Amino acid sequence: MKHFFSWIAVFFLAGCATVPMTGRKQLSFIPQGQLLTLSDQSYQEILGSVTLSRDAAKTAELVEVGRRVSSAAEAFMRENGMERDIANYRWEFKLVQDDKTVNAFCMPGGKIVFYTGIFPVAQDANGLATVMGHEIAHAIANHGGERMSQQLMVQAGGLGLAQLTQSKPEMARQILMQVYGAGAQVGLLLPYSRAHEFEADRIGLMLMARAGYDPKTAVNFWERMRKLGGARPPEFLSTHPADSRRIADLQKAIPEAEKYYK
């Protein structure tokens, strides 16, 4: 058992990294090569299950916004001694034909997918840049690798708890494991997911400003998203922060972002 916890400690210490722009320390011990391989496989599976938009104008607008924001991200990395990291990103921007889905996502390595349903909310290039900056921020902050690392740590902790409770009656062991699972979800994984969203908002704001898009318009976009909201779970049980907190944090970050806006 002693060796089990020593193994966890070694992974924890070896997996510490720093998020660009925010400086937050993160746990990330998934090798980039493995992460990118898994990401590419998932990306190809997703593309095989959807219909890409045939709207040439919308697709061209999306690609142009993606090109400008990803170039801003790479420029930031060059300026901050992260030039070697650029090789980990092969940017692609795809538009899926689905007017009912107001969503976008980014796979590790820079594979970004938008759904046509987000265009009416984005309204213009500034709105698209708000979303694009947020998604590219997830990529350069390695949030995907961090989430996988956290989940592995939770699984390792569950194995350790199972070993520690071997002498307990089976019913007691099951209860302890269920409590541990719920505690890990609410106490670790969900808060980190919300932290990632706040972090992507802030980094994305800087990236869109550096790419020449007005950072003040990000607040307008999230105000429109809030109107679409509907019923949501309490924030502490949600993977995403409450819209009111998200907007308030963006408003605080706008003065910093405007320094980069030309």
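The values are calculated or read from the model by the stated rules, or taken from the named source; none is laboratory data. Not measured: the values here are computed from a predicted model. FYI the Cβ positions are ideal-geometry reconstructions off the backbone, even for glycines, and counts take in every protein chain you see.
Conditions (1) modelled with pLDDT of 90 or more; (2) not acidic (Asp, Glu), marked per residue:
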{"position": "GLU199", "(1), (2)": "no, no"}
{"position": "LEU205", "(1), (2)": "yes, yes"}
{"position": "ARG226", "(1), (2)": "no, yes"}
{"position": "GLY230", "(1), (2)": "no, yes"}
{"position": "HIS240", "(1), (2)": "no, yes"}
{"position": "ASP243", "(1), (2)": "no, no"}
{"position": "LYS252", "(1), (2)": "yes, yes"}
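Which one is surrounded by the fewest Cβ atoms within 10 Å (Cβ to Cβ) among residues in segment 97-141 that are of a type in the set (Gly, Ala, Ser), touching a residue at least 40 places away in the same chain (Cβ under 8 Å) and in a helix (DSSP H, G or I)? Explain how you work it out, then say what you get.
Here is the first cut: in segment 97-141, the ones of a type in the set (Gly, Ala, Ser) are 104, 109-110, 117, 122, 125, 127, 129, 133, 137, 139, 141.
Add one more test, that the residue is touching a residue at least 40 places away in the same chain (Cβ under 8 Å), and what stays is 109-110, 122, 125, 127, 129, 133, 137, 139, 141.
Those left that are additionally in a helix (DSSP H, G or I): 122, 125, 127, 129, 133, 137, 139.
Values: ALA122: 24, ALA125: 20, GLY127: 23, ALA129: 30, GLY133: 31, ALA137: 29, ALA139: 23.
Selected residue: ALA125.
Restricting the search to segment 64-85, which residues are surrounded by fewer than 16 Cβ atoms within 10 Å (Cβ to Cβ), part of a helix (DSSP H, G or I) and either in contact with a Ser or Thr (Cβ under 6 Å, 6 or more places away or on another chain) or of a type in the set (A, V, I, L, M, F, W, C) (or both)?
The answer is ALA75, and nothing else.
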Kindly indicate whether any position in segment 47-59 is at pLDDT below 75 and in a helix (DSSP H, G or I).
-> no
Among residues of segment 142-151, those that are assigned to a helix (DSSP H, G or I) and either modelled with pLDDT of 90 or more or touching a strand residue (DSSP E or B) at 6+ places or on another chain (Cβ under 8 Å) (or both), counted | 4
